[in-house]
Amino acid sequence: MPLQYMTPVTATETLVRHVPAGPKRDELIELVRIGIKFQRQQHTGKRPGHLAQLVLDCARRAGPPYSFAQLLDQLELEAARRQLHGERASPVEKIDRIWQLATVHLPKRGRVQVPFKTLQNHLTDTKKKLREEFPALPKSGI
């Protein structure tokens, strides 16, 4: 079978076959190789962190309709649990409704003050996940 009818296996081979030799081709090949490495890194995707998992756990404990007020109540219970049983009981240190901040201890970042807006964003993502887990739940209830 002639070489022209064979399909190239990789993007680098395509460049080698179809672009004339020279410094421009070498530059393109390097860019393609960098792009391939970047693509491999991007394929893993962003994973939810400890704060997102904490919001998910609190929302599950609160149950439907998964409101922000319920989430704050659950987080305050977590803070009380921390005061009673020590730091290992819960990562939530304090919920300040006046300043609209939650003080949380995250494994990688240490003590962090999280604004309520961030918690609301995590709650929205949590609702989507819970809706996927339990499709029978109504959208208006979540």
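Here the Karplus curve 6.51 cos²θ - 1.76 cosθ + 1.60, taken at θ = phi - 60°, turns the phi angles of segment 113-119 into couplings of 9, 9, x, 4, 4, 5, 4 Hz, with x standing for Gly and Pro. Extension gain, T10 to D57, is 12.5 nm, computed as 0.36 nm per intervening residue step minus the present C-alpha separation.
In a simple Cβ point-charge model (Lys, Arg +1; Asp, Glu -1; nothing else charged), segment 50-133 has a dipole of about 160 debye relative to its Cα centre. For a paramagnetic label modelled at 7 Å from the Cα of E133 toward its Cβ, which residues of segment 47-85 fall within the zone defined by backbone nitrogen distances under 13 Å? Correct set: 53-64, 66. 3J(HN,Hα) couplings calculated from phi for segment 99-110 with the Karplus curve 6.51 cos²θ - 1.76 cosθ + 1.60 (θ = phi - 60°) are, in sequence order, 8, 6, 9, 10, 9, 10, 9, 9, x, 8, 10, x Hz; Gly and Pro show x.
Modelled this way, with points 7 Å down the Cα-to-C-beta line, the labels at L84 and H105 are 1.8 nm from one another.
Rg/Rh for segment 50-133 stands at 0.95; both radii use Cα atoms, and Rh follows the Kirkwood definition.
We did not get these values from a lab; they are worked out from the coordinates using the rules stated. Since we're looking at a predicted model, the values are computed, not measured. Neighbour counts are summed over all protein chains in view; Cβ atoms, including those assigned to glycine, are modelled from backbone coordinates with ideal geometry.
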